[in-house]
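Just so you know, all these numbers are worked out from the coordinates, no wet-lab data involved. Everything numeric here is computed off the predicted structure, so don't read it as measured data. Here Cβ is always computed from backbone atoms with ideal geometry, including for glycine, and neighbour counts include all displayed protein chains.
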């Protein structure tokens with residue numbers, strides 16, 4: 001029988017996936033990224049690994065897992081182990097700079113952005129941008145560390161308090177005024193759109209994680225919608241060019257032009273809570289079907 005391993009860090013996010021795998025009778029191994037070890041002499045690897053490592057692990061005290069996972073994925077790739085969201089996809093998960101470059105390659109408009117690696121460079125980075133500006137860690141996730149600055153004086157005054165994240169790199173971005181404060185999240189699996197959500201923030205924070213297990217000061221409202229046709233095309237291009245099997249891609253609509261502006265790529269894509277009510281089906285069942293097809297294809301190659 002083919003072996004499946006789930007590489008993950010958050011202790012609650014993946015219970016629905018584990019339940020769906022058990023219902024389908026698919027055996028699997030749990031690889032906890034926050035307590036990870038392997039030998040370079042290992043020869044008996046799983047047939048398929050599902051990588052569900054999060055860029056926000058540092059904010060849960062698991063930052064030591066982020067770069068160990070990077071090394072493990074490189075080893076798995078060298079040993080020709082099939083990985084869902086493998087090394088190339090994970091490099092995008094932990095770098096917003098690389099995400100923006102990928103968006104550009106896929107034909108997307110992105111916010112004007114500058115990059116800094118210390119507090120003293122934040123204000124110079126922002127000088128070419130109109131205020132307000134957004135400052136965010138390059139390796140972030142779940143809205144952690146994202147801040148808005150309404151004036152150069154505020155940025156200069158509060159720069160020392162900016163969290164640069166685990167790689168000590170921060171982005172300074174123009175703020176895009178959106179229609180009614182909403183953003184849109186397109187979920188993609190295996191080169192197809194699963195669904196699209198309209199996400200309405202309540203203004204209390206930037207954590208837009210849709211999973212039930214996410215703890216957030218804000219409670220966004222999620223409703224199913226159809227993506228803009230041009231946004232759907234770009235999102236599919238992003239997944240293809242980035243070699244990403246499963247992801248959530250976010251954009252906002254600039255109310256001045258009506259254009260979609262892409263700003264975030266979630267390679268660890270948490271499906272929305274209450275999915276049957278909101279999108280009409282259980283995405284975890286679709287993910288299990290996808291994993292089953294991948295395992296079956298690998299078994300046929302033996």
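Table for the structure above
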item: Per-residue Cβ neighbour rank within 10 angstrom, fewest leading, 135, 221; result: 221, 135
item: Length-normalised contact order of the chain in % [C-alpha pairs under 8 Å, at least 6 apart]; result: 19
item: R0 of 35 Å, Cβ-Cβ distance residue 115-residue 64: FRET efficiency to nearest 0.05; result: 0.90
item: Span from the region 222-241 Cα centroid across to the region 250-299 one, whole angstrom; result: 10
item: Cα-based helix-to-principal-axis angle, 229-241 vs the chain, degrees rounded to 10; result: 60
item: Residues 172, 272, sorted so that the one with the fewest Cβ neighbours within 10 Å comes first; result: 272, 172
item: Read-out Cα Rg over 2.2 N^0.38 Å, derived from the coordinates shown; its label in [x] 1.01; [y] 1.83; [z] 1.07; result: [x]
item: Calculated [θ] (222 nm, deg cm²/dmol) that DSSP helices of n ≥ 4 give over the chain, each run adding -39,500 (n - 2.57); result: -8500 deg cm²/dmol
item: Label-point separation in nm, residue 23 to residue 3, each point 7 Å along Cα→Cβ; result: 2.8
item: Chain lengthening between residue 278 and residue 35 when straightened (0.36 nm per residue, less Cα-Cα); result: 84.0 nm
item: Nearest-ten-degree value, helix 283-301 long axis tilted from longest Cα axis of the chain; result: 50
item: C-alpha long axis of helix 96-105 to longest principal axis of the chain, angle in °; result: 90
item: Pairwise FRET efficiency - residue 157 versus residue 78, Cβ, R0 = 45 Å, nearest 0.05; result: 0.40
item: Beta bridge orientation in the chain: antiparallel %, DSSP, nearest 5; result: 75
